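Sharing a structure with you now.
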Amino acid sequence: MDFPIWRRFRHICDEGCLIDDQTAVYAKRAPRGVHVLRICSKCMIALAQSLAFLRLHFIDPSTLFFSRQDNFLYREEKGPRHQEKFLYSRAMQHLIEARQRLAGMKESVQQREAIIYERVRGRPDALEPVFRDLLRPADVLINPENPRPWDIDVHNKQFYERVVRRGLAGVADGYVLAEWDTQQLDELAFRVYDSGIDQRLTGDRLLKLRLAGHHLRSRFDRDKSFEVGKKHYDLPPLLWDKMLGDGWVYSGGYWKEATTLEEAQKAKMERLAQKLALEPGMRVLDVGGGAGALAAYLAREYGVSVVNIGISEEQIAEANRICAGLAVQNRLQDYKTLADEPYDRIVSVGMLEHVGEDPKEYKNFMAIMAKHLKPHGLLVLQTIATQDKTETTSSEWIAEHIFPHSRIPRIIEITEAVGNDLILEHAENLGAHYDKTLMAWHQNFTNAWGELQHLFEPNPEEFRRKWELYLLGSAGKFRARKLQLLQLVFSKEGLPGGYDFLG
């Protein structure tokens, strides 16, 4: 068949559905004597009206027939006309065989990886040069004579095998176990992420890393939502007092004019309040509001009533203390169990990262928010997000040891989760501000460690290193702009005349 001739029929349909280069390659590789082309009914009618044109190009129209069931056009070059089902099965058999060949190639690659791994397993000295080469783009050295603050000092060479088995999670495990050290962990993390080494650690065949996105294995349920509250947010209150300060504000601050952590957090809350466009008497829902600092601020400064829901008993207890005497109701409650109550405004800070390990949960979350928002009401959502396709696997260790069942959403996943009822009115990226917030938290944590370490017996040093890695590693990732902090404003069914935030 002369494929350029078939391409001329593309102009029959406004959508150009008849054939493209990819389809031509597929048809050319179909079983001998059978050509399969994707075509819509509109083009099929036009094609039937062009029999004279077909004959001019030595194409016998009697060899063409159309299957309405699967919307395919079939042509047999020789022999009697075959049944549509038979011709279709021959074409599908060709595709099945191609997939089998591809699977065989993948299996062959995996076998070669296994052979390489077996050759270096148990020989840390053989792995060390590999890691030296791997870190060269980041200008990071291993055990140099004159170390710089971001260079690595490996104490136990078994660390290399740990990374081979676990990838970035193995790097983190090795640090917690004191198998390696560095003087400036945040700068090391920045250099690793900024140079793209993290992506090699996610997929480098030589290292045979197994970072298999555990967050996609199961859907999030109500019991799991409270697990992160018990394992993380219900840690001893003294930790939050010392690390976060008064109010336990556990999200990125706004540092444009701030010089202290307290000023940055107050500026962040004021920015959120301005984006909510509050009026006295409005009813506000704070989803995942933690210890209630934002709820208290909105009620006190703007004269609104607030319902603050969270999944941590310690945080809700602190919220009741902070919000005493204010028009704030604090509830130990998952957002999925909200009663059918309408709100003028909804705000959610740092919550989307915890709604589940399955990206489909983002859509469920947004649908529930839209359900509880009054017409023309506003939803302000602050969340960590990423554009990096590998980020959801490189955060495996955080989900395993710091925030159970958490997952950093990709920006495209957030936009795809928004239903027809919500309209994006405003977006802002404050990712660079989170770097400063994390560094301030780490400084507070370090200064207070002498008072805190008895709370984490029998292994306080292991907790310290784990927490240090979490804070400084995250700071380096924000600094490299691999993570973003988004503030998104949505309206229910749109605001008449549009949304205006002067900021």
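Here is a yes/no grid of residues against (1) over 27 Å from TYR362 (Cβ atoms); (2) in a helix (DSSP H, G or I); (3) modelled with pLDDT of 95 or more:
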position: ALA172; (1), (2), (3): no, yes, no
position: TYR175; (1), (2), (3): yes, yes, yes
position: ASP198; (1), (2), (3): no, yes, no
position: LYS208; (1), (2), (3): yes, no, no
position: ALA212; (1), (2), (3): no, no, no
position: PHE220; (1), (2), (3): no, no, no
position: PHE226; (1), (2), (3): no, yes, no
position: ALA258; (1), (2), (3): yes, no, yes
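Please state which one of LYS266, LYS242, LYS275 is in contact with a strand residue (DSSP E or B) (Cβ under 9 Å, 6 or more places away or on another chain) and outside any loop (DSSP other than H, G, I, E, B).
Result of the check over LYS266, LYS242, LYS275: LYS275.
A quick yes/no check of all residues on (1) within 24 Å of the chain's Cα centre (by Cα); (2) charged (D, E, K, R):
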position	(1), (2)
VAL130	no, no
ARG136	no, yes
ARG148	no, yes
ASN156	no, no
TYR175	no, no
TRP180	no, no
ALA189	yes, no
ASP194	yes, yes
ILE197	yes, no
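Which one is surrounded by the most Cβ atoms within 10 Å (Cβ to Cβ), of the residues in the stretch 137-152 that are within 20 Å of SER195 (Cα to Cα) and of a type in the set (Asp, Glu)?
Checking each candidate, the answer is ASP151.
Ok, one more. With the requirement that a residue be buried (at least 18 other Cβ atoms within 10 Å of the Cβ) and more than 17 Å from ILE384 (Cβ to Cβ), what does the stretch 245-257 give you?
GLY247, TRP248
Where in the stretch 387-458 are the helices (runs of 4 or more DSSP H), entirely inside, with at least 2 residues that are open to solvent by 40 Å² or more (accessible area, probe 1.4 Å)?
Correct list: 396-401, 411-417, 431-452.
Would it be correct to say that LEU338 is in contact with a Phe, Trp or Tyr (Cβ under 8 Å, 6 or more places away or on another chain) and farther than 30 Å from GLU468 by Cβ?
So LEU338 fails the test.
Does the stretch 285-317 hold any residues that are modelled with pLDDT of 95 or more and charged (D, E, K, R), and which are they?
Result: ASP286, ARG300, GLU301.
For the stretch 297-318, give me the residue count where each residue is touching a Phe, Trp or Tyr at 6+ places or on another chain (Cβ under 7 Å) and under 28 Å from PRO375 (Cβ atoms).
Summing the residues that are touching a Phe, Trp or Tyr at 6+ places or on another chain (Cβ under 7 Å) and under 28 Å from PRO375 (Cβ atoms) in the stretch 297-318 gives 1.
Given the structure, is VAL489 of a type in the set (Val, Ile, Thr), modelled with pLDDT of 95 or more and within 26 Å of ALA273 (Cα to Cα)?
Yes: the conditions hold for VAL489.
GLU357 - would you say it is in a helix (DSSP H, G or I), of a type outside the set (Gly, Ala, Ser), more than 15 Å from LEU422 (Cβ to Cβ) and open to solvent by less than 30 Å² (accessible area, probe 1.4 Å)?
The answer is no for GLU357.
Please work out if ARG464 is basic (Lys, Arg), within 28 Å of the chain's Cα centre (by Cα) and open to solvent by less than 70 Å² (accessible area, probe 1.4 Å).
yes
Need the failing condition index for ILE384 against (1) crowded, with 20+ Cβ neighbours inside 10 Å; (2) modelled with pLDDT under 90; (3) not in a helix (DSSP H, G or I), just the number.
Unmet condition: (2).
If I ask for residues that are closer than 21 Å to ALA399 by Cβ and either surrounded by 23 or more Cβ atoms within 10 Å (Cβ to Cβ) or without any contact (Cβ under 8 Å) to a residue 60 or more places away in the chain (or both), which ones from the stretch 187-200 would you list?
Across the stretch 187-200, the qualifying residues are ALA189, VAL192, TYR193, ASP198.
Another one. Any residue at all in the stretch 274-296 that's open to solvent by less than 10 Å² (accessible area, probe 1.4 Å), without any contact (Cβ under 8 Å) to a residue 40 or more places away in the chain and either touching a Phe, Trp or Tyr at 6+ places or on another chain (Cβ under 7 Å) or over 18 Å from TRP240 (Cβ atoms) (or both)?
Checked against the condition, which is being open to solvent by less than 10 Å² (accessible area, probe 1.4 Å), without any contact (Cβ under 8 Å) to a residue 40 or more places away in the chain and either touching a Phe, Trp or Tyr at 6+ places or on another chain (Cβ under 7 Å) or over 18 Å from TRP240 (Cβ atoms) (or both), the stretch 274-296 yields no hits at all.
Kindly provide the set of residues from the stretch 251-271 that are in contact with a helix residue (DSSP H, G or I) (Cβ under 7 Å, 6 or more places away or on another chain) and under 21 Å from TYR343 (Cα atoms), ordered by number.
MET269, the sole residue that qualifies.
Let me ask you something else. For the stretch 369-379, does any single residue satisfy the condition of being open to solvent by 30 Å² or more (accessible area, probe 1.4 Å) and either within 15 Å of the chain's Cα centre (by Cα) or of a type in the set (Val, Ile, Thr) (or both)?
So far as the stretch 369-379 goes, no, none of its residues is open to solvent by 30 Å² or more (accessible area, probe 1.4 Å) and either within 15 Å of the chain's Cα centre (by Cα) or of a type in the set (Val, Ile, Thr) (or both).
Counting only residues that are under 25 Å from the mean Cα position of the chain (by Cα), surrounded by 14 or more Cβ atoms within 10 Å (Cβ to Cβ) and not in a strand (DSSP E or B), how many does the stretch 329-351 have?
6
The values are calculated or read from the model by the stated rules, or taken from the named source; none is laboratory data. These figures come from a predicted structure and were not determined experimentally. When we count neighbours, we look across all protein chains shown, and the Cβ atoms used for this are built from the backbone with ideal geometry, even at glycine. With ligands, DNA and RNA removed, areas are computed over all heavy atoms of the protein, side chains included. Shrake-Rupley method; radii C 1.70, N 1.55, O 1.52, S 1.80 Å.
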